[in-house]
Amino acid sequence: MLKVLHLSDIHMGSSFTHGKVNPETGLNTRLEDFVRTLGQCIDRAIAEPVDLVLFGGDAFPDATPPPFVQESFAKQFRRLADANIPTVLLVGNHDQHSQGTGGASLSIYRTLAVPGFIVGDTIATHRIRTPNGDIQVLTLPWLTRSTLLTRPDTEGCSLAEVNHLLIERLQPVLEAEIRRLDPDCPAILLAHLMADRANFGAERFLAVGKGFTIPISCLIRPEFDYVALGHVHKHQNLNPDNNPPIIYPGSIERVDFSEEKEDKGYIWLEIAKGEVNWTFCSLPVRSFCTINVDAFEEDDPQEAILRAIARKPIQDAVVRLIYKVRSNALERIDTAQLHEALKEAHTYTIRPEIVTKIARSRLPELGAGNHLDPLEALQAYLKNREDLQDISAEMVEAARELAGSEL
């Protein structure tokens, strides 16, 4: 069986706001985190070694990353070329120019003719020769309107109508590639897309709404032994029957707090024609930790906040502290003490939320099941309004007069 490592959504160069400058290197520590995590994936690929590495797209946050970020990415993938491990780099939505014309951040690897590297920026099938046999990889990069549609096709159409047209155009193109597959050679679909069964990760906030949703029926095909996806940051298998497995490995690092509770990793795959075994391999990534404290009713809000911090595993984590206090209690918060309590964190932010009033509890005597006349209802209401006690008698008398005048 062939060994394949499938990873995706590196987004190298993102999450800088959650890091700090390393004085020894001059680099943001979050960039160093991403490089370290990617390096662990490459280490595994070389140590085995694998027969093929599949990258599912979104190398960077955008198509024009800073040179030092590109260099950090290239140094890791260059190790695969040096080890003679074939690699397919698929173009994702973040790898493309905003107009959707090409994969600017990855096409350099084709231009430089990096040995063994294939850049998947078109719908095409690639037959790859490995020491343990051949394998077919059908690449399906991120689709934009301009990929399969012209401006007259979409003029005056709603987003839903454009999506329908795109699927109509995609299906015969994909079908033509599938029919050209060698039935005796293992086949993988490598695609960067949003499938209609997928659960969002942080990509919901990273421009996922600008794309299209592909029906899962386009992917569940007997000709594919494995479907390797990218785009969604949360690991998941969209076809639990595994005929074929349709897998998002998820992103390899946490991009923001929306991924706080998600495991990060890559897929280890052993494949032959008609047989596939896959495993999700977790990566030891930096933890994110949210500390929410409602100190509105606390007599000592400072102590309540400190207790909440002490209960959380904040060492070397990216932390955000959010606490709610009364406006008149804000001056009782010793911010310097909070900074001291959070110093074990990698980085942290503190966000106070001032609550000026609390919602009043409902009065049981005014519930829907009780029947009070208007005067009784008013009296019940006034009993629970301390600020109106001085004038409550006058209000009740005025109400009686109004009620009497209407009889």
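To keep it simple, each residue is scored yes or no on (1) surrounded by 22 or more Cβ atoms within 10 Å (Cβ to Cβ); (2) modelled with pLDDT of 95 or more.
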residue	(1), (2)
Gly56	yes, yes
Thr64	no, no
Lys75	no, yes
Asp95	yes, no
Thr101	no, no
Ile108	no, no
Pro115	no, no
Pro131	no, no
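Exactly one residue among Ile271, Ile247 is crowded, with 19+ Cβ neighbours inside 10 Å, over 27 Å from the mean Cα position of the chain (by Cα) and in the same structural domain as Met194 (by TED's automatic domain parsing), and that residue is Ile271. For beta carbons closer than 7 Å, sequence separation of 6+ or different chains, a first residue in the stretch 223-242 that is more than 13 Å from Arg197 (Cα to Cα) and a second that is of a type in the set (S, T, N, Q) and part of a loop (DSSP other than H, G, I, E, B), the qualifying pairs are Gly230/Ser8; His233/Ser251.
Against the conditions (1) closer than 29 Å to Asn199 by Cα; (2) part of a loop (DSSP other than H, G, I, E, B); (3) not assigned by TED's automatic domain parsing to the domain that holds Ala59, Ile322 satisfies every one except (2).
Here Asp294 fits the description: under 31 Å from the mean Cα position of the chain (by Cα), surrounded by 12 or more Cβ atoms within 10 Å (Cβ to Cβ) and not assigned by TED's automatic domain parsing to the domain that holds Glu253. Out of Leu52, Leu7, one residue alone is more than 23 Å from Asp263 (Cβ to Cβ), crowded, with 22+ Cβ neighbours inside 10 Å and either at pLDDT below 95 or aliphatic (A, V, I, L, M) (or both). It is Leu52.
The values are calculated or read from the model by the stated rules, or taken from the named source; none is laboratory data. Owing to the predicted nature of the structure, the values given are computational and were not obtained by experimental measurement. Please note: Cβ atoms are built from the backbone with ideal geometry, for glycine as well, and neighbour counts cover all protein chains shown.
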